[in-house]
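Down below is the structure, laid out as structure tokens.
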Amino acid sequence: MRYNYFMEKKCLFSEKKVQIGVDSGCDNYIMAIESSCDETACAIVKNGTEVIANVVASQIKTHEKFGGVIPEIAAREHMDAINIVIDEAFKQSGLMPNEITAFAGTVGPGLVGCLLVGLNAAKTLALVHDKPFIGVNHLNAHLCANYIDTDLKPPFIALLISGGHTQIIDVESYSKQTILGETIDDAVGEAYDKVARLIGLPYPGGPKLDKLAQIGNPNAYELPISRVDGYNFSFSGLKTAVLRLVKRLKEENGNGSLTEKQVNDVCASFQECVSKTLAKKLKKALQEKGYKQVVIAGGVAANSEIRRKIFDFEKDGYKVYAPIMKYCTDNASMVASCAYFNTNTYDDVDVEVFSRV
Ligand code: KG4
Ligand code: ZN
């Protein structure tokens, strides 16, 4: 069915109406801000797909020494970085504030103190320049990263895998999404970070574990694949199995540590188990819904083996979409794209941040 697809948003002072979306009939330039965790990001995206500016200030160096994100410190760093990333995005784009169609910001889920910094900046920009404000859900934004530089259109099945979420979603249209299944305990990214920590890898563990897994043997150790009904997942049993395995290997070695080969093999075996589980359930959802398109999204979608297994679906006639690396992990381009495509946004300037879904 072909239908006119755009949303009408009001400028905050003049209440002038602005059309945003695929059929709005004019070019939309959305500036978005993302600050839900440890990245302060600002971007400008044209018509939801063309990135005009993309700036990310990462706090990894700060949190590395603590082995994880410290919310209070993260919020303060967002305060220091926010004006710099906004200025830089304007500079990269060559646009003036009055040329921006609307200002968007992440509302949640995320760390409340961190979200407040970015969201208030987006609201302020919209108020000062008399433009519409669009509040965006961080998870929807991750999905929308797949619209950047592609011609993807719903319907499709999405696998959303991040530090806080693991979901299989039926995206029927830009506005209608149904969660088919999700994790009943740890998120995939969380499991990666916890396993990385227990084998002694520094924060952020996921990407480092992925690197070592690529040189290890994925069949070295047999790890349990969780048996959870339907499209739900469970990763806490796997995490405990790795903990037991590492303990046993250390005892056998007699020196309280693992050899380099053992570390690589544990990483590869864990990665094999996770990627197999995700690919299996995703394939089942595709078959059941009869869709021919599948997307992966979220920080863990940067994972080499998960990408490889899911891109393998193309051999069976599916079209697979995955954002390029810089749009997998937290960024503001995906937030701008979401503000353009997704109708499930928050337009009220009084919208409050939230920490969990
Ligand atoms: O989406 P994201 O940037 O932030 C959240 O919204 O959670 O995801 C961060 C998560 C972290 O757990 C990180 O370890 C994981 O994504 N991650 C990876 C890889 N790159 C990032 N996990 C496995 N393999 C990777 N290559
Ligand atoms: Zn994220």
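In order along the range 89-100, the Karplus-derived 3J(HN,Hα) couplings, from 6.51 cos²θ - 1.76 cosθ + 1.60 at θ = phi - 60°, round to 5, 4, 4, 4, 7, x, 8, 9, x, 6, 8, 7 Hz, and Gly and Pro are given as x.
Stretched out straight at 0.36 nm per residue, the stretch from L243 to V349 would grow longer than its current Cα-Cα span by 33.5 nm. Here the spin labels are modelled as points 7 Å beyond Cα on the Cα-Cβ line, and at S304 and T178 they lie 3.8 nm apart.
The spacing between the range 291-353 and the range 170-187, judged by their C-alpha centroids, is 12 Å.
Nonpolar atom fraction for the range 156-323, defined as the carbon and sulfur part of the 1.4 Å probe accessible area, stands at 50 percent. Sparse packing (at most 12 other Cβ atoms within 10 Å of the Cβ) combined with a DSSP loop state is found for the following trypsin sites (Lys or Arg not before Pro) in the range 174-242: K176, R227. Here the Debye sum runs over all C-alpha atoms of the range 4-116 as equal scatterers in vacuum, and log10 of I(q)/I(0) at q = 0.14, 0.17, 0.19 Å⁻¹ comes out as -0.64, -0.86, -0.99. Over the range 169-268, the alpha carbon radius of gyration divided by the compact-protein estimate 2.2 N^0.38 Å works out to 1.28.
Expressed as a whole percent, the proportion of Cα-Cα pairs in the chain lying more than 35 Å apart is 25%. Distance distribution note for the range 261-323: the fraction of Cα pairs above 19 angstrom is 32%. Left without a cysteine partner by the 4.7 Å Cβ rule in the chain: C11, C26, C37, C42, C114, C267, C273, C328. For K65, which lysines qualify as cross-link partners when the Cα separation must be under 24 Å and same-chain residues fewer than eight apart are set aside? Once the sequence-local lysines are set aside, what remains near K65 is K194, K208, K211, K239, K326. Here the label points at E222 and V112, each 7 Å from Cα along the C-beta direction, are separated by 4.8 nm in the simple model.
The 3J(HN,Hα) values that the Karplus relation (6.51, -1.76, 1.60; θ = phi - 60°) gives for the range 197-203 are, in residue order, 5, 6, 9, x, 8, x, 5 Hz. Gly and Pro appear as x.
In order along the range 183-189, phi translates into HN-Hα couplings of 6, 9, 9, 6, 7, 4, x Hz, rounded to whole numbers, per the Karplus curve 6.51 cos²θ - 1.76 cosθ + 1.60 with θ = phi - 60° and x for Gly and Pro. Based on alpha-carbon centroids, what's the gap between the range 240-260 and the range 90-141 in Å, whole number please? Here the two parts' Cα centres lie 47 Å apart.
Would you mind estimating how fast the range 25-64 diffuses translationally, via Stokes-Einstein at 37 °C and 0.692 mPa s with the Kirkwood radius over Cα pairs, in µm²/s? In µm²/s, the coefficient is 291. Backbone amide hydrogens, once placed in the peptide plane, bring I134 within less than 5 Å of F103, A104, G105, excluding anything fewer than 5 places away on its chain. Residues whose amide H comes within less than 5 Å of that of S162, counting only those at least five positions distant or on another chain, are V188, G189, V300 (H built at 1.01 Å from N in the peptide plane).
For I52, the residues whose modelled amide H falls within less than 5 Å of its own, excluding neighbours fewer than 5 places apart on the same chain, are I44, V45, K46. FRET efficiency for the K319 to Q214 pair, using the beta carbon distance and R₀ = 22 Å, is estimated at 0.30.
Taking all protein chains as they are arranged and a probe of 1.4 Å, the heavy atoms of K289 leave approximately 90 Å² accessible to solvent. Modelled spin-label separation between D151 and E15, with each label point placed 7 Å from Cα along the Cα-to-Cβ direction: 4.2 nm.
For K276 and D23, the difference between the fully extended length at 0.36 nm per residue and the C-alpha to C-alpha distance is 87.1 nm. For the range 156-323, the spread of Cα positions along the three principal axes, ordered from largest to smallest, is 56, 29, 26 Å.
The values are calculated or read from the model by the stated rules, or taken from the named source; none is laboratory data. Quick caveat, the model's predicted, so the values are computed rather than measured. Cβ coordinates were reconstructed from backbone atoms using ideal geometry, including for glycine residues, and neighbour counts include every protein chain displayed. Only protein heavy atoms, including side chains, enter the accessible area calculation; ligands, DNA and RNA are left aside. Shrake-Rupley method; radii C 1.70, N 1.55, O 1.52, S 1.80 Å.
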